[in-house]
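These notes are about the structure you will find just below.
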Amino acid sequence: MARFTPENEALARRIVARYPVPKSATIPLCHLAQEQDGHLATDAMEHVAELVGCTPAEVLGTASFYEMFKLHPVGRYCLNICTNISCRIVGAADLLARAEERLGVRAGGTTADGQVTLEDVECIAACTEAPALQVNYRYVERVDADLLDALIDDLRAGTGRAEEFPPHGTLGLVRQELGPDDLANVTPPEQQVEPVWFARNATAEEGAS
Amino acid sequence: MSDAPAERTGGSGDTPLIVSSRFDVPEAHTLDVYRNSGSFPGYAGLAAALDRTPDEVRETVASATLLGRGGAGFPAGVKWGFCPPGVWPRYVVVNGDESEPGTFKDRLLMERDPHQLIEGALVAAYAIGAAQVFLYVRGEMPHAQERIAGALNEALAAGLVGRNIMGTDFSVDVVLHWGAGAYIVGEETALIESLEGNRGMPRLKPPFFPAAKGLYMQPTIVNNVETLSNLPWILHHGVDAYRAVGTETSPGTRLIALSGHVRRPGVYEVPQGTTTFRDLFHDDRYGGGIRDGNELKMFIPGGASAPWFFPEQIDLPLEAKPVGAAGSMLGSGAVVVMDETTDAVEACYSLVRFFARESCGKCTPCREGTTWEEKILERILEGHGRPSDIDLLLDVADNISPGPYPVAADPEHGLEAVPFPPKQTTICPLGPSSVAPITSAIRRFRNEFEARITRRDLIPVAAAGSGGDGV
């Protein structure tokens, strides 16, 4: 797909400005690119590299470490079924097998219509509500066979519950509003000195002696 | 997806709720409700801190003996004191990359009481003289990210973060950052690598203790979400009130995430040391008993990395020291209960597969060892196990964590407890953690492994050669 749109590039620059060292913005910018395109495209990584001041290979090197970054297109909905301990001991393996059967793909695969990518994932931190799954990282809890069947039908049709889930790549719908003018202390590490309030320690010592 | 909380929460009823007092308060994530609800008025702890010098705040936290809640249990105030004097800038990094299987207390703290966490982080930043706070939230938790982003936006507008906080000379930027799916990034040096925009691989300690050489090689304090969430209460109510809860060596409370085969799974805030696992599983305030009246088979007392406990250990208190001496750890406060219906081999496989998938690949014993552990367990489960596989598993495990591995006492099998922690041939504890389920399961349930290897009635049909499709 593509480089950042002008709006997203402006947002990306605001994000980069929050870090004393621009490369720290690599992961947030990769998320922004994935939100824009649904996956992390090669030319998006090139654009990220330009914005954070490193090579595209370094961005790829970082992005390829993290399983949320999809370097190839995935389904509109990523259906992630937790198969770790708390979910497995209450039937997660059966749910995964059922989902594979109904979708006609193995875990890791995408349906031919491009609607659903199925994954068997590790603990998603919803253990009291086991068995649990996420659709585009939104929780669906206490899943049983009927709920799973209905959910899969909705996701394939793009109707019903499917409308609750933003497209793959979209994480928090509320963004932190922190522009360059709001920042108090962001400077490169080598330019920083003792913060002013820390002088209170010395003042207190003088007062005590 | 409603906003109504699904997870059960609660406390003992006898001691105050320190960190979870707003879990059931509607709209507690908003600044207005945060200021006017819960066990202390919101941002009163920060105001109390700003009335003291940074050193006094650090000493307050040190004398409270606030033990880190991320797993290692190191006292926060002592950790803060490790910043080398006169080296600037310093940073505070909030570790919200909670991914330990069974653990989800931090997610609730971030979703339901984000201002409490922000206030705690500000107290830490004031005490150590940090220029910036980075709040690192796990990638797979967009709801927590939204709640924290919203809270930070409100706090900025109210002058509670950024320049001249509460009209004082204290200024600090708080930046929300999130991960992208890697358990290892919960390890503090890997978290720092990730925050620098790199692959999340741990650094060798020494020399890279974050307090000395952390983010951008500057002094950095990495604290867990629950640890920081305790600070506002401590600053507002004082050290004596805090130390009145829990025990002498482990004051305060712990958030315990109780899951598995209990009637009432939930997140419970319990006073440290005075509650036992029996209370937690059977008391109606907490678990309410094993489901279906079944027998307890085993339980994990502190996340996937913790060696298993068995019915003999049920009367141990929820406190780091006695649990450690008994051969396991309280770790991240995740307790997983498994009843008699649980297949020990499958439970072991599920935990080992996790570590194999999450190994970052930096150290050979972990990268290769966890992979082989997973492969061997997989072939046992699929009916292709070999009689030598059980000892082979133990041998691979010994290469990752040499010597006697922490284990619970088992009088029936003549085993004495080996105390925590395990030895390691790796930079971080991930590899040695993969050994916990293997040694725990094989020592106690070797017969189940042997049965999987020898008994044809336990071999899956396709694997037994009945004309399956070879899958």
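Computed quantities for the displayed model
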item	result
Percent RCO, i.e. relative contact order, over chain B, from Cα pairs under 8 Å lying at least 6 residues apart	15 percent
Euclidean distance between Cα centres, the stretch B:415-458 to the stretch B:281-327, Å	18 Å
Cα pair distances in chain B, grouped into 20 Å bins until the bin that holds the longest one, percent each	24, 55, 19, 2
Centre separation in Å (Cα based) which lies between the stretch B:76-100 and the stretch A:172-206	15 Å
Buried on assembly, the stretch A:108-124 (at least 40 Å² less accessible surface than by itself, 1.4 Å probe)	A:Asp120, A:Glu122, A:Cys123
Within chain B, helix-based [θ] at 222 nm, where runs of 4 or more DSSP H residues each add -39,500 (n - 2.57), nearest 500	-11000 deg cm²/dmol
In degrees, nearest ten, helix B:364-381 long axis to first principal axis of chain B (Cα)	50 degrees
Of A:Pro166, A:Pro56, A:Pro180, the one that fluctuates the most in a GNM where chain A has Cα springs shorter than 10 Å	A:Pro180
In order through the stretch B:252-261: 3J(HN,Hα) via Karplus (6.51 cos²θ - 1.76 cosθ + 1.60), integer Hz, x for Gly, Pro	x, 10, 10, 8, 10, 8, 9, 9, x, 8
Cβ-isolated cysteines (cut-off 4.7 Å), chain A	A:Cys30, A:Cys54, A:Cys78, A:Cys123, A:Cys127
Selected from A:Pro131, A:Pro22, A:Pro189 as most flexible by GNM, with chain A as the system and alpha-carbon contacts under 10 Å	A:Pro189
Chain A - mean residue ellipticity at 222 nm from DSSP helices (-39,500 (n - 2.57) per run, n ≥ 4, rounded to 500)	-11500 deg cm²/dmol
Nonlocal amide H pairs with B:Val174, under 5 Å, H built at 1.01 Å	B:Val133, B:Gly162
Accessible carbon and sulfur surface of the stretch A:105-158 relative to its total accessible area, %, 1.4 Å	45 percent
Selection of trypsin sites (Lys or Arg not before Pro), the stretch B:391-465, meeting DSSP coil and at most 12 other Cβ within 10 Å	B:Arg455
Solvent exposure of the protein assembly as shown as accessible area per residue, Å², 1.4 Å probe	35 Å²
Of the GluC sites (Glu not before Pro) in the stretch B:213-312, those whose Cβ has at most 13 other Cβ within 10 Å and which sit in DSSP loop	B:Glu248, B:Glu295
The stretch A:21-55 versus the stretch A:137-168: alpha-carbon centroid distance in Å	29 Å
Those lysines that a straight Cα-Cα span of less than 22 Å connects to B:Lys105, excepting residues fewer than 8 apart in one chain	B:Lys321
Shielding by partners, peptide B:52-59 (average Cβ within 10 angstrom, other chains)	4
Carbon/sulfur fraction of accessible area - the stretch B:17-238, other protein chains in place, 1.4 Å, %	56 percent
Whole-percent carbon and sulfur share, accessible surface of the stretch B:253-339, 1.4 Å	49 percent
Filtered chymotrypsin sites (Phe, Trp or Tyr not before Pro), the stretch B:348-397: DSSP coil and at most 13 other beta carbons within 10 Å	none
Vicinal HN-Hα couplings computed from phi for the stretch B:304-318 (Karplus, 6.51 cos²θ - 1.76 cosθ + 1.60; Hz; Gly/Pro x)	4, 7, 8, x, 6, 10, 10, x, 5, 9, 5, 8, 5, x, 7
Relative contact order of the stretch A:77-164, defined on C-alpha pairs under 8 angstrom at six or more residues apart (%)	34 percent
Protein-protein interface of the stretch B:355-401, residues with accessible area decrease of at least 50 Å², isolated chain reference, 1.4 Å probe	B:Arg357
Placed amide H near A:Gly75: partners under 5 Å, 5+ positions off or other chain	A:Thr117
For A:Glu177, distant residues with modelled amide H under 5 Å away	B:Asn153
Reachable lysines from B:Lys213, criterion Cα separation under 21 angstrom, eight or more residues apart if same chain	A:Lys23, B:Lys79, B:Lys205, B:Lys362
In degrees, nearest ten, helix B:142-157 long axis to first principal axis of chain B (Cα)	10 degrees
Formal net charge of residues neighbouring A:Gly104 (Cβ-Cβ distance under 13 Å; K, R +1; D, E -1)	+1
For chain A, built as a Gaussian network whose Cα springs stay under 10 Å, the top-fluctuating residue of A:Arg102, A:Arg175, A:Arg156	A:Arg175
Buried solvent-accessible surface, both chains (A, B), 1.4 Å probe, Å² to nearest 100	6600 Å²
Residues in the stretch B:203-218 occluded by at least 30 Å² - accessible area, probe radius 1.4 Å, against chain by itself	B:Tyr216
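The values are calculated or read from the model by the stated rules, or taken from the named source; none is laboratory data. Keep in mind that what you see is a predicted model, and the values were worked out from it rather than measured. A quick note on method: Cβ atoms are made from the backbone with ideal geometry, for glycine too, and the neighbour counts reach across all protein chains shown. Only protein heavy atoms, including side chains, enter the accessible area calculation; ligands, DNA and RNA are left aside. Shrake-Rupley method; radii C 1.70, N 1.55, O 1.52, S 1.80 Å.
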